[in-house]
Structures are given as structure tokens and as C-alpha cells.
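The values are calculated or read from the model by the stated rules, or taken from the named source; none is laboratory data. In this text, all values refer to a predicted model and were calculated from it rather than measured experimentally. Positions of Cβ are generated from backbone atoms using ideal geometry, with glycine treated the same way; all protein chains shown enter the neighbour counts.
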Amino acid sequence: MTTTSLPRLALSRSRGQSFQAQSAAYLTEYLDKIRLAVDDLDDGELWHRPAPGTNSAANLVIHLTGNLSLWILKSIAGEDYERHRSAEFAAERTSDKSAGKAEILAAFTTVVERAATVLATLPDDDLGRELDVQGYACDAFTAAYHAVEHMSYHTGQIVWIAKQALARRGDEVFEFYPQHEGE
């Protein structure tokens, strides 16, 4: 069973926080959930595509790394970044030289932590700043909101993939909210 600790729940830290701080807290929570979910997967399970036309957990983590890099780090923070979105989904574990779990998670963790810092320190006045992200005209508030909800969506997919893999093996499946057992 995994050694990763349970996620730091954003909801438990929400009282009195700004939109920016709460958004950063959710990114951190989703990072924790993804790390916990994939902790016990081997590289084959991480790269396994459950069905034709679907993505592996690895593809989704790589995709989230690209999405946060574009929507938060480049568009809001102004960092240089050239995204190759189609490559995020096309990536496969084709050899031992392919990115492994540790490498994928390290890159993802770095991006999430940087994006959370950008959001947590974003001044209120910057929320209305106009942006153009992937051809979408929006403001910084909308970009932040999109990035957080997008990460939420894919976190659920990654968790489902991981729980299916663990159940197929007959391993114990992790639980994010043991405090609610029996409710």
C-alpha cells in the first residue's frame, strides 16, 4: 500500500481565503490526490490505455503539466513556454528510455507548485487582466478558474484509472476520506 500521505484538503482551508489562495489550495489538493493515486502503479499500469481512443494516467499527467504551464505560468505569469498539446496525448511508454513515473511526477509537481505560487500571490487587480490563451480571449480570473476545474476533471480520471488497476491486481484501493467511513 502507498506511503504517500492523504491529500491536504482545500475545503478545510477555505474559510476567509481569496479566490486566488483557494485556487492554489485546490491545485495542491489535486496534486496530492494524483500522487497518491499513481504511487502504487508500476510504469506499465501508469502508461496503460484502458481502451482504444483513451489516455493513460501518464498521458493525463503530462497533459496537465502542459495545460498549467500554458494557462497559468505563461498566460498569467508571463513565462516563456511553447506547448505541444498533441504530443501530450501521443506519448507512449515505448522503451526503457521513455519517461518513467518518477520523472513525470517530478515535472508535474514542479509545475503545480509554481502555478499554485503564481495564483496565491496574484493581486486582485490582476484578475481582470485580459489574456489570449490558445486562441481564447479571457481574463486572468477565467484562466485560473479554467485551470483549476480542468485539473479537477483529469484528477478524477487518473484516480479512476488507478483504482481500476489496483482492483484488477486484488490490491487494497486507497481512500481519500477515511473520516467519512460509515456515513
Q: For R83, state whether it is under 17 Å from A147 (Cα atoms), touching a helix residue (DSSP H, G or I) at 6+ places or on another chain (Cβ under 6 Å) and not in a helix (DSSP H, G or I).
A: yes
Q. Quick check: anything in segment 12-30 in a loop (DSSP other than H, G, I, E, B), β-branched (V, I, T) and at pLDDT 90 or above?
A. no
Q. Could you give every pair whose Cβ atoms fall below 9 Å, whose first residue belongs to segment 70-86 and is closer than 11 Å to A143 by Cβ and charged (D, E, K, R), and whose second residue is exposed (fewer than 13 other Cβ atoms within 10 Å of the Cβ) and modelled with pLDDT of 90 or more, counting only separations of at least 6 or pairs across chains?
A. K74/D80
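Residues checked against (1) modelled with pLDDT of 95 or more; (2) under 17 Å from the mean Cα position of the chain (by Cα); (3) more than 28 Å from L41 (Cβ to Cβ):
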residue: H63; (1), (2), (3): yes, yes, no
residue: S69; (1), (2), (3): yes, yes, no
residue: R85; (1), (2), (3): no, yes, no
residue: E92; (1), (2), (3): no, no, no
residue: K97; (1), (2), (3): no, no, no
residue: I104; (1), (2), (3): no, yes, no
residue: R114; (1), (2), (3): yes, yes, no
residue: L122; (1), (2), (3): yes, no, yes
residue: D125; (1), (2), (3): yes, no, yes
Q.
Being within 19 Å of the chain's Cα centre (by Cα) and surrounded by fewer than 19 Cβ atoms within 10 Å (Cβ to Cβ) is the requirement here; does H180 meet it?
A. no
(Q) Let me spell it out: the conditions are (1) buried (at least 21 other Cβ atoms within 10 Å of the Cβ); (2) of a type outside the set (F, W, Y); (3) within 15 Å of the chain's Cα centre (by Cα), and I76 meets all of them except one. Which number is the exception? (A) (3)
Q. Among the residues of segment 124-183, which ones are charged (D, E, K, R), within 27 Å of H48 (Cβ to Cβ) and assigned to a helix (DSSP H, G or I)?
A. E149, K163, R168, R169
Q) Within segment 44-57, restricting attention to residues that are in contact with a Lys or Arg (Cβ under 6 Å, 6 or more places away or on another chain) and under 17 Å from A106 (Cβ atoms), which residue is surrounded by the fewest Cβ atoms within 10 Å (Cβ to Cβ)? A) W47
Q. Within the bounds of segment 93-101, is there any residue that is under 12 Å from I62 (Cα atoms), assigned to a loop (DSSP other than H, G, I, E, B) and in contact (Cβ under 8 Å) with a residue 24 or more places away in the chain?
A. yes
